[in-house]
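The values are calculated or read from the model by the stated rules, or taken from the named source; none is laboratory data. All of these numbers come straight from a predicted model, not from anything done at the bench. No Cβ is skipped: glycine too gets one built from the backbone with ideal geometry, and neighbour counts run over all protein chains shown. Side chains included, ligands, DNA and RNA excluded: accessible areas come from the protein's heavy atoms. Shrake-Rupley method; radii C 1.70, N 1.55, O 1.52, S 1.80 Å.
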Amino acid sequence: MQPLVDSIKRRGQSPDALLGRYGLSEAMLADPCREIPLRQYVEAFEGAAAHFGDPNFGLFAARDITPFTLGPIGLLFISSPTIGTALKGFIDYIGLAQQATTSRIAQDGPTCVFHYRIEDARIRRRRQDADYSLAMVTTLMRAMAGNSWRPLEVHFEHSAPLSRQAHDGFFGAPLYFDQGVNSLIFPASDLAIAGNLMDRRVSPIVEQYLRTLLERAMPVRSMEDEVRRILSDHRPEGGAVGVHKAARAVGVSARTLQRALQKSGESFGAIKQDKRRTMAETYLADTDLSVTEIAHILGYADGACFTRACRRWFGQTPSAYRKDARGRGTAP
């Protein structure tokens with residue numbers, strides 16, 4: 001939360017006057033182990049952007065951070081032998097600093113893609129967090145690779161701002177908005193870039209500490225959580241995700257998966273429909289994608305099928321839901 005507090009102070013205002021609206025305060029920073037609900041934190045970022053009339057508030061908040069802003073996770077990053085091991089450590093342990101999110105990296109031939117997304121469906125307005133998070137990872141990469149490092153592409157879930165100048169200036173790469181997930185795309189060869197900021201003997205010590213914290217603090221991901229993650233990461237070009245495909249991704253048989261879900265009172269079909277609904281809510285309210293494009297992303301054959309689903313979920317058409325949702329979002 002420190003970058004949020006610092007950004008408010010730099011604008012000459014008291015952080016508590018703004019943070020208090022979201023049940024937060026600067027005094028909370030005195031306890032480095034205190035947990036703050038992600039929803040309140042993200043809402044405070046959005047509230048600060050609205051208060052100052054700055055759509056790039058989250059992006060600017062990331063400009064002055066250092067690896068040490070993330071505490072031991074940042075220390076592990078800059079003490080890692082290469083960017084590849086640094087990113088692996090970041091993904092393995094970032095859940096200690098921010099839960100209800102997914103961070104992962106995938107290699108596709110000569111390129112790598114770092115993905116970031118909030119999984120809590122209740123958090124709908126999250127533009128500032130996306131800007132801040134991708135800018136933060138870019139800053140970490142530059143700490144290892146040098147200030148001239150640039151990604152090949154940057155993708156955002158949210159729609160494009162009226163002016164892209166701030167984003168162009170920070171990332172120095174082609175920008176794409178209304179995407180399925182927030183991503184940084186960069187050459188796979190960058191994974192081999194060696195770090196030289198800190199004695200590498202620090203890395204295993206810090207990682208052991210983080211591993212101990214993770215074992216104590218993090219609950220085991222349930223089968224239901226795994227299925228929701230798979231459905232969130234799926235893209236339409238990969239074909240439909242059925243129970244058999246999901247089971248293979250989890251590493252169990254379809255029957256084992258179904259039994260595990262039944263024990264938790266769920267079914268694969270119900271989880272899939274629930275995930276489709278929450279994703280539809282986000283895409284309709286927070287992006288400028290057409291109804292047909294959203295239908296394709298969610299795996300529907302056409303816009304008519306998606307419209308029928310929206311009538312079942314929301315009692316109205318996709319266009320009517322989008323109009324009402326945006327009206328609620330702009331209401332005082």
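HN-Hα J couplings of region 98-112 from phi, Karplus 6.51/-1.76/1.60, θ = phi - 60°, integer Hz, Gly and Pro as x?
Working through the residues one at a time gives 8, 8, 6, 10, 10, 10, 7, 10, 9, 9, 10, x, x, 10, 10 Hz.
Could you name the lysines whose alpha carbon sits less than 28 Å from that of LYS88, not counting residues in the same chain fewer than 8 places away?
LYS245, LYS275
Amide H neighbours of THR82 under 5 Å, counting only residues 5+ apart in sequence or on other chains, H built in-plane at 1.01 Å?
GLY195
Heads up, I need the accessible area for PHE114: 1.4 angstrom probe, whole protein in place, Å², nearest 10.
0 Å²
Can you give the Rg and Dmax of region 107-212 based on its C-alpha atoms, in angstrom?
That works out to 15.6, 47 Å for Rg and Dmax.
Highest mean first, what order results for 102-108, 122-128, 272-278 on Cβ atoms within 10 Å? Display every interim value, and only then the final one.
Working: 102-108: 14.0, 122-128: 19.9, 272-278: 17.7.
Output ranking for 102-108, 122-128, 272-278: 122-128, 272-278, 102-108.
Could you tell me the calculated FRET efficiency between GLN273 and ASP108, based on Cβ-Cβ distance and R0 = 35 angstrom, to the nearest 0.05? Mind showing how you got there, number by number?
On the way: r = 30 Å, r/R0 = 0.85.
The value I calculate is 0.75.
What is the ratio of the Cα radius of gyration of the chain to 2.2 N^0.38 Å, where N is its residue count, to two decimals? Please report the intermediate quantities before stating the final value.
On the way: Rg = 20.5 Å, N = 332, 2.2 N^0.38 = 20.0 Å.
Ratio of Cα Rg to 2.2 N^0.38 Å: 1.03.
Whenever you get a sec, line up MET141, MET1 from highest to lowest accessible area (probe 1.4 Å, protein heavy atoms).
MET1, MET141
Quick one: ranking LYS263, LYS88 by accessible area, 1.4 Å probe, largest first, what do you get?
Correct descending sequence by accessible area is LYS263, LYS88.
Using modelled amide H (1.01 Å from N, peptide plane; none on Pro or chain starts), what sits under 5 Å from the amide H of GLU119, excluding residues fewer than 5 places away?
THR101, THR102
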